[in-house]
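J.: Encoded as structure tokens, here's the structure I'll be asking about.
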Amino acid sequence: MTKKIADLKTVFSDGSVIITGSPGLINGVLAKPAKVFPDERGRLGEILRCDDEFFEKFGQVYFTTTYPGVVKAWHWHKKQTDHFYVVKGTIKVGLYDNRDGSNTKGAVNQIYMSQFCPAVLRIPPGVCHGWMGIGTEEAYIVNMTTEAYDYKLPDEFRIPAHDNDIPYDWTRKDG
């Protein structure tokens, strides 16, 4: 039996930041272009400020990397909100609302994030998420979380990347 894959259409657009989804934008997911200020010395980029509508509280900041073609998915948190920012490379982020009682339960969203299109993506608790490294170089992702990682009792729950009921396909789409 073949898994049904969601038909994704634009559900959010702010400048160069575009989220596609089915049927719409997942409740609580936010995205915004990141401000970048270039001059003759280089660039300064603002990622998250305490006066942003995105900001709730500080937990920790960490970075992770992903090699081209690798899928890091699916996982979700009960308490933690994530804020992704891609420093280098390009990723395709998949989101799935699996929250009981959510008015967008079952919705799928997708966003491409890259150093060439700087953006911040807010992922609320309970939304399954993951990404795939795309392009030709290792991607560097910074995550600013609302909770510090608890080594003894992690707030991280996993679903296999490919063998699941999530209506999303990580396969590259050529055309």
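J.: Filter region 47-74 for residues that are over 24 Å from T104 (Cβ atoms) and surrounded by 13 or more Cβ atoms within 10 Å (Cβ to Cβ); which is modelled with the lowest pLDDT?
T.: Ranking the qualifying residues of region 47-74, first place goes to I47.
J.: From the list A119, A107, which residue is closer than 16 Å to S22 by Cβ, crowded, with 22+ Cβ neighbours inside 10 Å and small (G, A, S)?
T.: Going through A119, A107 in turn, the sole match is A107.
J.: Condition first: in a loop (DSSP other than H, G, I, E, B) and either under 27 Å from F37 (Cβ atoms) or not small (G, A, S) (or both). Can you find one or more residues in region 126-134 that meet it?
T.: no
J.: Give the residues of region 143-154 that are crowded, with 17+ Cβ neighbours inside 10 Å and either part of a strand (DSSP E or B) or of a type outside the set (D, E, K, R) (or both), sorted by residue number.
T.: N143, M144, T145, T146
J.: Working only within region 30-54, note down all residues that are under 14 Å from Y85 (Cα atoms), not in a strand (DSSP E or B) and not basic (K, R).
T.: Correct list: A34, I47, L48, F54.
J.: Moving on to the next point. Which of the numbered conditions does Y140 fail, given that it passes all the others? Conditions: (1) in a loop (DSSP other than H, G, I, E, B); (2) farther than 15 Å from K78 by Cβ; (3) among the hydroxyl-bearing types (S, T, Y).
T.: (1)
J.: Separate question: Return the total of residues in region 110-154 being aliphatic (A, V, I, L, M), in contact (Cβ under 8 Å) with a residue 24 or more places away in the chain and more than 18 Å from K57 (Cα to Cα).
T.: Matching residues across region 110-154 total 8.
J.: Would you mind stating whether T81 is in contact with a Gly (Cβ under 8 Å, 6 or more places away or on another chain), β-branched (V, I, T) and buried (at least 16 other Cβ atoms within 10 Å of the Cβ)?
T.: Taking the combined requirement at face value, the residue does not satisfy it.
The values are calculated or read from the model by the stated rules, or taken from the named source; none is laboratory data. Everything quoted here is computed from the prediction, not taken from an experiment. A quick note on method: Cβ atoms are made from the backbone with ideal geometry, for glycine too, and the neighbour counts reach across all protein chains shown.
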